[in-house]
Amino acid sequence: SSVERDKLQGFSVAPVPASNMLTITVPDGISSLQIISAFGKEIRSIENVSSSNAIDVSTMESGVYYVRAIRYGKTYVQKFVVTR
């Protein structure tokens, strides 16, 4: 699957930076979400995706992470930061 350089309308993460909870908002058609470390390691996978997904990031190390969303075979990515 290709990584889209374009922004996917309706795909956002907030707040940035996050310390306890991160909300991932996605449009219809997202089949799965993954949280990926800056080093490319999958931290978490979310299969039952809703339009608004609250993710507990309180146990994650400080640093840069990415949310990867797959929609109709295309991959979209949003960056976020966890601070302690």
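The values are calculated or read from the model by the stated rules, or taken from the named source; none is laboratory data. A quick note: this is a predicted structure, and the numbers were derived from the prediction, not measured. Because the Cβ atoms are built from the backbone with ideal geometry, glycine has one as well, and the counts that use them run over all protein chains shown. The area values use the complete protein model at the heavy-atom level, side chains included, leaving out ligands, DNA and RNA. Shrake-Rupley method; radii C 1.70, N 1.55, O 1.52, S 1.80 Å.
Touching a residue at least 12 places away in the same chain (Cβ under 8 Å), exposed (fewer than 15 other Cβ atoms within 10 Å of the Cβ) and among the hydrophobic types (A, V, I, L, M, F, W, C) - does that describe any residue in segment 26-36? Within segment 26-36, none of the residues are touching a residue at least 12 places away in the same chain (Cβ under 8 Å), exposed (fewer than 15 other Cβ atoms within 10 Å of the Cβ) and among the hydrophobic types (A, V, I, L, M, F, W, C). When segment 17-28 is filtered for residues that are assigned to a strand (DSSP E or B) and within 21 Å of Arg84 (Cβ to Cβ), the ones remaining, listed by number, are Ala18, Met21, Leu22, Thr23, Ile24. Take the conditions (1) exposed (fewer than 12 other Cβ atoms within 10 Å of the Cβ); (2) modelled with pLDDT of 95 or more; (3) in contact with a strand residue (DSSP E or B) (Cβ under 7 Å, 6 or more places away or on another chain); Glu47 misses just one of them, which is (2). Of the residues examined, Val77 is not one that is out of contact with any Asp or Glu (no Cβ under 7 Å at 6 or more places or on another chain) and open to solvent by less than 50 Å² (accessible area, probe 1.4 Å).
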